[in-house]
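Accompanying notes for the structure given below.
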Amino acid sequence: MQTAEAEMSWRWSAAMKDAGFRKKLVIGLVLMLCALAALPFFFQQNELRKGFSIYDPVLAYVSPRDVSIPIFGAIWSATLLMLVRSLRNPRLMLTAVYGFALLCLVRMGTITALPLDPPEGLVPLVDPISNSFYGKSFIKRDLFFSGHTSTLCLFFFCFQRKNDKLFSLLCTIAVGLLVLVQHVHYTVDVLAAPVFTFLCYKMSKKIVDS
């Protein structure tokens with residue numbers, strides 16, 4: 001009977017023997033790394049643009065509070081789970097890599113197309129890991145659509161195990177609500193995230209399955 005380590009090694013060994021998989025993996029990783037490298041420059045430039053505010057009845061009802069710690073905990077615990085599962089499942093990793101790269105590119109497009117000003121009462125989100133992708137100054141106009149919510153939602157679509165899906169779904173809902181409590185997003189940013197994420201996931205699956 002194979003040990004977990006042997007099974008993991010066999011899966012990756014078999015995947016890496018496939019020329020098509022190797023090509024897609026390299027392209028996907030390069031695309032994702034290029035998108036991540038471009039984000040700090042993009043967000044710093046986006047901060048200089050003139051935008052507009054929208055009335056949000058949900059935020060008007062919710063008093064802003066700093067809930068950075070539970071947001072940070074939900075995001076990075078789900079990310080860690082994704083990394084662990086990807087070590088045993090090359091196909092899962094490939095789907096997540098392409099999905100995340102597409103999310104980054106699509107968000108740059110939607111943020112450019114809809115230059116929103118930050119919600120009133122915004123409390124800066126303290127996330128020492130995520131904030132490293134935004135550049136030197138704190139970003140307030142990374143709005144439509146929510147990157148935190150969409151990343152967790154992508155994990156939900158990608159995961160195959162029932163418990164993993166349930167955990168990532170709970171994290172997605174929790175973070176979607178908490179970013180509203182912290183006033184770092186409008187309600188529309190959160191509601192739109194699953195829609196765009198599903199489209200990116202389907203595109204990623206199509207690339208992986210081709």
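Please treat every number below as a calculation from the coordinates, not as lab data. Please read these numbers as outputs of a predicted model, since none were measured by experiment. Note: ideal-geometry Cβ built from the backbone for every residue, glycine included; neighbour counts use all protein chains shown.
Beyond 21 Å, what percent of the Cα pairs of segment 4-209 remain? I get 54 percent for the Cα pairs in segment 4-209 exceeding 21 Å. Under the classification rounded if a/c is under 1.5, otherwise prolate if a/b is larger than b/c and oblate if not, where does segment 47-123 fall, given a ≥ b ≥ c as square roots of the Cα gyration tensor eigenvalues? Oblate, because a/c is 1.5 or more while a/b does not exceed b/c. Protection proxy ranking for 68-74, 169-175, using the average of other Cβ atoms within 10 Å per residue and placing the highest first: 169-175, 68-74. The angle between the Cα long axis of helix 162-181 and the longest principal axis of the Cα atoms of the chain comes to about 20 degrees, rounded to the nearest 10. Between F145, G109, G20, the Cα set farthest toward the positive side of the dipole of the chain (charges on each charged residue's Cβ, about the Cα centre) is that of G20.
In whole angstrom, how long is each semi-axis of the equivalent ellipsoid of segment 1-100, when you take the square root of 5 times every eigenvalue of its Cα gyration tensor and sort them from largest down?
Three semi-axes, in Å: 38, 21, 10.
For segment 4-209, a crude dipole built from +1 on the beta carbon of Lys and Arg and -1 on the beta carbon of Asp and Glu, taken about the Cα centre, is about 800 debye to the nearest 20. Against the chain, whose longest principal axis is taken from its Cα atoms, helix 68-88 shows a tilt of about 20°. Each peptide in 147-159, 88-100, 194-206 was scored by the mean count of other Cβ atoms within 10 Å over its residues; highest first, the order is 147-159, 88-100, 194-206. Between A113 and W12, the simple spin-label model (points 7 angstrom out along Cα→Cβ) gives 3.8 nm. When shorter helices are ignored and each DSSP H run of at least 4 residues is given -39500 (n - 2.57), the per-residue value for the chain at 222 nm works out to -23500 deg cm²/dmol. Each Cα pair under 8 Å and six or more residues apart adds its separation to the average, and for the chain the resulting relative contact order is 31 percent.
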